[in-house]
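The values are calculated or read from the model by the stated rules, or taken from the named source; none is laboratory data. Note that the coordinates shown come from a computational prediction; the quantities given were computed from them, not determined experimentally. Here the Cβ positions follow ideal geometry from the backbone for every residue, glycine too, while neighbour counts run over all protein chains shown. Calculation scope for accessible area: heavy atoms of the full protein, side chains included, ligands and nucleic acids excluded. Shrake-Rupley method; radii C 1.70, N 1.55, O 1.52, S 1.80 Å.
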Amino acid sequence: MSMKIIAAGFCFALAAAALPLSGPAGAEPVPAARSELDAFLWPGTEPPRRLDQHGDRLRPEALRDRLVVVSFVHADCTIACAVRVLDLDKLAQALPAPLRERVTFLSIGTDPARDDPARLRAFAEGLVGKATRLRFLDSDAASTAALAVALRYPPAALPEPPPTILVFDRTGRMAMAYGGDPLDGPRLLQDLTLLETFENGIGRPARGEARDPA
């Protein structure tokens, strides 16, 4: 991986979608503000239904207080994309037990016209097997277009997925982004291990944890 960006410098132009809302005293309670992760996965006022390769719906509450690694895929992707999936699956399987239960790996489809859950399942099981910890998510045209804008990825390059990996912290804030191949598994493991010690986002170590001075 050739790049790491801290969230303060890379917000996908989603800050407005994630800002808390307020209302006058006595007004109806305002729904909780969406996190950057929510805004990225479910853009727009009518969020798309995200189904994984098993046909199960992904809901925002399933990602609360978890580290989330987001990558991109489609069922006919090139060798570089397939190798990226294999590397992420290998990392997911190799995480230490306590950390393994705190990290979710999502691979978002970038070919909404073709990659339904059944096709993504065939791709996933053929490449990394039924026991993979990666969840492959379908998409629609609007969310795929929003993804390209957020990542500044040329729409003409779709459906070939961006060679980008994003990491969101336990508050749903975008913490790190990596670009380029091949995957630097040891670096990603190191960063996930450090992020797990922050219970309220980057810069706030969990109670009893010492912050790495580096």
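When the residues of the range 30-45 are narrowed to those that are small (Gly, Ala, Ser) and at pLDDT below 85, which ends up nearest to GLY172 (Cα to Cα)? Working first, answer last.
Looking only at the range 30-45, we keep the residues that are small (Gly, Ala, Ser), and these are 32-33, 35, 39, 44.
Narrowing further to those that are at pLDDT below 85: 32-33, 44.
On the way: ALA32: 13, ALA33: 11, GLY44: 17 Å.
Restricting to residues being small (Gly, Ala, Ser) and at pLDDT below 85, the top hit is ALA33.
Tallying residues that are β-branched (Val, Ile, Thr), more than 22 Å from ASP111 (Cβ to Cβ) and either free of Cβ contacts under 8 Å to residues at least 12 places away in the same chain or in contact with a strand residue (DSSP E or B) (Cβ under 7 Å, 6 or more places away or on another chain) (or both) within the range 142-192 yields 1.
What number of residues within the range 57-80 are over 15 Å from THR104 (Cα atoms) and either over 16 Å from the mean Cα position of the chain (by Cα) or in a strand (DSSP E or B) (or both)?
Initial filter on the range 57-80 (over 15 Å from THR104 (Cα atoms)): 73-80.
From the residues that got through so far, the ones that are either over 16 Å from the mean Cα position of the chain (by Cα) or in a strand (DSSP E or B) (or both) too are 73, 75-80.
Of the residues in the range 57-80, 7 are over 15 Å from THR104 (Cα atoms) and either over 16 Å from the mean Cα position of the chain (by Cα) or in a strand (DSSP E or B) (or both).
Yes or no, residue by residue, for (1) aliphatic (A, V, I, L, M); (2) at positive phi; (3) open to solvent by 10 Å² or more (accessible area, probe 1.4 Å):
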position	(1), (2), (3)
LEU91	yes, no, yes
ALA94	yes, no, yes
PHE105	no, no, no
ARG114	no, no, yes
ALA124	yes, no, no
PHE136	no, no, no
ASP140	no, no, yes
LEU158	yes, no, yes
GLN190	no, no, yes
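From the list ARG211, ARG170, ARG207, which one is at pLDDT below 85, touching a Gly at 6+ places or on another chain (Cβ under 9 Å) and open to solvent by 20 Å² or more (accessible area, probe 1.4 Å)?
Values: ARG170 fails: at pLDDT below 85; ARG207 fails: touching a Gly at 6+ places or on another chain (Cβ under 9 Å).
Criteria check complete, one pass: ARG211.
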